[in-house]
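Participant: Could you have a look at this structure, given as structure tokens, before my questions?
The values are calculated or read from the model by the stated rules, or taken from the named source; none is laboratory data. Note that this is a predicted model, so its numbers are computed, not measured. Cβ sites come from the backbone with ideal geometry, for glycine too, and all protein chains shown count toward neighbours.
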Amino acid sequence: MEIKIMKNILDRNQNKADEVRNLIKSKKILMMNIISSPGAGKTTFLERTCEALTSRFRIGIIEGDVTTDRDARRLQKYNIPIVVINTEGGCHLDSHSISRVLDLFDLDNLDILFIENVGNLICPSGFDLGEAFKLALVSTAEGDDKPAKYPLLFREAGAVVLNKIDLIPYTNFNYDSFMHDLNNIKSGVPFFKVSCTRGDGLDEWYKWISDQRSLLTDK
Amino acid sequence: MHEIKIAEDLSAIVLEAAKREKLARVTKVNISFGQLIQIVPDIFRFAFNEAVRDSVAESAEIDIEILPVKMKCIKCKNDFQVIGNRFACNVCGSTDLEIIQGKELFIKSIEGE
């Protein structure tokens, strides 16, 4: 006997993500899901962003971490609300875990909410968290083949950041090859070339994220 | 390793359907995955077998159909299958595209008795 089901396996995740998106939208918060490999510089990128923007925006962070709270501790100095989700080995965050921790934020007093996903380029790409957009962050030290190897992430990304551009002279990173692959997958995606340690290119990023937030009506 | 979470969610759907239909044994689960999801079938089967251990679906075979990536060109309305990673219309070259297939994680049916 065959029983037809015809259902999205991740329906549960998707339904909760839609619920989160509606809630976040109603509170006029810009929520961003940051996806990268381990060590690409997500936390440093958030440190720089907090330094530049906390005077203008009320920022909150959801920190997805496999087992520790080290990343969250690095961000504590900005005196902003941070909630850690330890996935206990899990390789990605899902919408239910986001929904559970949203209660811990004062959503009426928040402009931008960053989610630092678990370091991984495949798994987080398949799970909608209810974000306004995904940000793909890669670094030159990882090699130039990331867009070609992980097309879903780059296809879904609302913005792409290439970090550690100061290291290009010391690696075999081929910038033209990276851009060729990225343009094949998502031509025209907002793209930022930065060095979070040196500061290169970050002003354009700050301007872009500020503009995105301003597109939501002021509270 | 997103295979594990997806296998767990699939097992819940399968076991719920088996209960509803009063099946004593689930023999086969038919699913479709889009190519972009990058599921490794062997890991997925392993994860599913673990998720349904000691249940009516413990010996179910999993039939995985992999769906190639298809896009629709917003500009010229052409539907086409993507070859490799070049996401551009094969008629007019536009990169303004909508994914119409390739992101599925879909359960089609279960078989049992």
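Participant: Any residue in the stretch A:70-82 that is at pLDDT 95 or above and touching a Phe, Trp or Tyr at 6+ places or on another chain (Cβ under 9 Å)?
Facilitator: yes
Participant: Let me ask something else. Only one residue in B:VAL14, B:VAL26 is in contact with a helix residue (DSSP H, G or I) (Cβ under 7 Å, 6 or more places away or on another chain), modelled with pLDDT of 95 or more and either surrounded by 15 or more Cβ atoms within 10 Å (Cβ to Cβ) or aromatic (Phe, Trp, Tyr) (or both), so which one is that?
Facilitator: On the way: B:VAL14 fails: in contact with a helix residue (DSSP H, G or I) (Cβ under 7 Å, 6 or more places away or on another chain).
Checking each option against the conditions leaves just B:VAL26.
Participant: So how many residues does the stretch B:86-103 have that are out of contact with any Phe, Trp or Tyr (no Cβ under 6 Å at 6 or more places or on another chain) and surrounded by fewer than 17 Cβ atoms within 10 Å (Cβ to Cβ)?
Facilitator: 8
Participant: Read through the list (1) more than 26 Å from B:SER11 (Cβ to Cβ); (2) of a type outside the set (D, E, K, R); (3) surrounded by 20 or more Cβ atoms within 10 Å (Cβ to Cβ), then give the number of the only condition that A:VAL84 fails.
Facilitator: (3)
Participant: Sort through B:ILE74, B:ILE39 and tell me the only one that's in contact (Cβ under 8 Å) with a residue 12 or more places away in the chain and within 18 Å of the chain's Cα centre (by Cα).
Facilitator: Working: B:ILE74 fails: within 18 Å of the chain's Cα centre (by Cα).
It is B:ILE39.
Participant: State which residue is surrounded by the most Cβ atoms within 10 Å (Cβ to Cβ) when the search covers only the stretch A:5-23 and only residues that are within 14 Å of another protein chain (Cβ to nearest Cβ), assigned to a helix (DSSP H, G or I) and not aliphatic (A, V, I, L, M).
Facilitator: Restricting attention to the stretch A:5-23, the residues satisfying the condition of being within 14 Å of another protein chain (Cβ to nearest Cβ) are A:5-17.
From the residues that got through so far, the ones that are assigned to a helix (DSSP H, G or I) too are A:11-17.
Now drop any that are not not aliphatic (A, V, I, L, M), which leaves A:11-16.
On the way: A:ASP11: 13, A:ARG12: 15, A:ASN13: 22, A:GLN14: 16, A:ASN15: 13, A:LYS16: 20.
Result: A:ASN13.
Participant: Something else now. Kindly indicate the residue of the stretch B:54-71 that is within 21 Å of the chain's Cα centre (by Cα) and not hydrophobic (A, V, I, L, M, F, W, C) and also surrounded by the most Cβ atoms within 10 Å (Cβ to Cβ) among those meeting that condition. If you could, list the steps in order and put the result at the bottom.
Facilitator: Within the stretch B:54-71, the subset within 21 Å of the chain's Cα centre (by Cα) is B:57-71.
Subsequent filtering for residues that are not hydrophobic (A, V, I, L, M, F, W, C) retains B:58-59, B:61, B:63, B:65, B:68, B:70.
Values: B:GLU58: 12, B:SER59: 12, B:GLU61: 11, B:ASP63: 13, B:GLU65: 11, B:PRO68: 12, B:LYS70: 17.
Looking at the filtered set, the residue picked out is B:LYS70.
Participant: Is it the case, given these coordinates, that A:ILE59 is of a type outside the set (Lys, Arg), surrounded by 17 or more Cβ atoms within 10 Å (Cβ to Cβ) and at pLDDT 95 or above? So that I can check it myself, show each step before the final result.
Facilitator: Details: of a type outside the set (Lys, Arg): yes; surrounded by 17 or more Cβ atoms within 10 Å (Cβ to Cβ): yes; at pLDDT 95 or above: yes.
Judged against the criteria, A:ILE59 is a match.
Participant: From the list A:ALA159, A:ALA132, which one is free of Cβ contacts under 8 Å to residues at least 60 places away in the same chain and either touching a strand residue (DSSP E or B) at 6+ places or on another chain (Cβ under 9 Å) or within 14 Å of chain B (Cβ to nearest Cβ) (or both)? Talk me through it step by step, then tell me what you get.
Facilitator: Details: A:ALA132 fails: free of Cβ contacts under 8 Å to residues at least 60 places away in the same chain.
Result: A:ALA159 is the single residue among A:ALA159, A:ALA132 that is free of Cβ contacts under 8 Å to residues at least 60 places away in the same chain and either touching a strand residue (DSSP E or B) at 6+ places or on another chain (Cβ under 9 Å) or within 14 Å of chain B (Cβ to nearest Cβ) (or both).
Participant: Oh, and also: Looking at this structure, is A:LEU113 in contact with a Gly (Cβ under 9 Å, 6 or more places away or on another chain), in a strand (DSSP E or B) and in contact (Cβ under 8 Å) with a residue 12 or more places away in the chain? Break it down into steps so the answer makes sense when it comes.
Facilitator: Details: in contact with a Gly (Cβ under 9 Å, 6 or more places away or on another chain): yes; in a strand (DSSP E or B): yes; in contact (Cβ under 8 Å) with a residue 12 or more places away in the chain: yes.
Criteria met by A:LEU113.
Participant: Now for a different question. So which of A:HIS96, A:HIS92 ends up being in contact (Cβ under 8 Å) with a residue 12 or more places away in the chain, under 16 Å from the mean Cα position of the chain (by Cα) and not in a strand (DSSP E or B)? Can you show your working first?
Facilitator: On the way: A:HIS96 fails: under 16 Å from the mean Cα position of the chain (by Cα).
Result of the check over A:HIS96, A:HIS92: A:HIS92.
Participant: Still on this structure, I have one more. Starting from the stretch A:182-200, take each residue that is more than 14 Å from A:THR140 (Cβ to Cβ) and list its partners that are among the hydroxyl-bearing types (Ser, Thr, Tyr) and at pLDDT below 95, counting only C-beta distances under 8 angstrom and pairs at least six apart or across chains.
Facilitator: Close Cβ pairs satisfying both conditions: A:ASN183/B:THR95; A:LYS186/B:THR95; A:SER187/B:THR95; A:GLY188/B:THR95.
Participant: Next question, about the same structure. Check the stretch A:167-177 and report whether any residue there is buried (at least 20 other Cβ atoms within 10 Å of the Cβ) and among the hydroxyl-bearing types (Ser, Thr, Tyr). Reasoning before the result, please.
Facilitator: Residues of the stretch A:167-177 that are buried (at least 20 other Cβ atoms within 10 Å of the Cβ), as a first pass: A:173.
Filter once more, keeping what is among the hydroxyl-bearing types (Ser, Thr, Tyr): none.
So far as the stretch A:167-177 goes, no, none of its residues is buried (at least 20 other Cβ atoms within 10 Å of the Cβ) and among the hydroxyl-bearing types (Ser, Thr, Tyr).
Participant: Now, a different point. What strands (runs of 3 or more DSSP E) lie completely within the stretch B:1-108 and have 2 or more residues being away from chain A (no Cβ under 11 Å)?
Facilitator: Values: elements: B:26-34, B:61-67, B:70-73, B:79-81, B:97-101.
Where strands (runs of 3 or more DSSP E) fall fully within the stretch B:1-108 and carry at least 2 residues being away from chain A (no Cβ under 11 Å), they are B:61-67, B:70-73, B:79-81, B:97-101.
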